[in-house]
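Scroll down for the structure; my scribbles are underneath it.
The values are calculated or read from the model by the stated rules, or taken from the named source; none is laboratory data. Note that the coordinates shown come from a computational prediction; the quantities given were computed from them, not determined experimentally. Cβ atoms come from the backbone with ideal geometry, glycine included; neighbour counts cover every protein chain shown.
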Amino acid sequence: MADKQPRSGGPDVDPTRGGSGRAGGSLAGEPVDDRVTLDDIQKFLHGLQYPASGVEAVEYARKRHAPLAVLDRLEWVAAEQFSSAGELNQALRKVEQTLDQGSR
């Protein structure tokens, strides 16, 4: 595929993965909690022009040196299209609800 280019020096963002599968937890030995808030995510998306795809949001955040936890959360909505930051937040809230239900 033309849009899957190898990346070096940054996290491997694969929108077909559907996230890391970490359901709100962290991997053994990983020192940082991967739980992020919408505010955390929006800090790295400030200035993103809408409409924007989820892939564009992931790439924009990556270029702004977002932590892996933020990129991971954005990967869950990479296949979607958003007309505003509010629409993106709504999709991210649904992801959070899904992850919270999976961790019970």
Only one of Ala23, Ala57, Ala66 is modelled with pLDDT of 95 or more and assigned to a loop (DSSP other than H, G, I, E, B); which? Ala66
Residue pairs qualifying under the 6 Å Cβ cut-off, at least six apart or on distinct chains, with the first in segment 79-90 being closer than 10 Å to Gln49 by Cα and the second being crowded, with 16+ Cβ neighbours inside 10 Å and of a type in the set (S, T, N, Q), are none
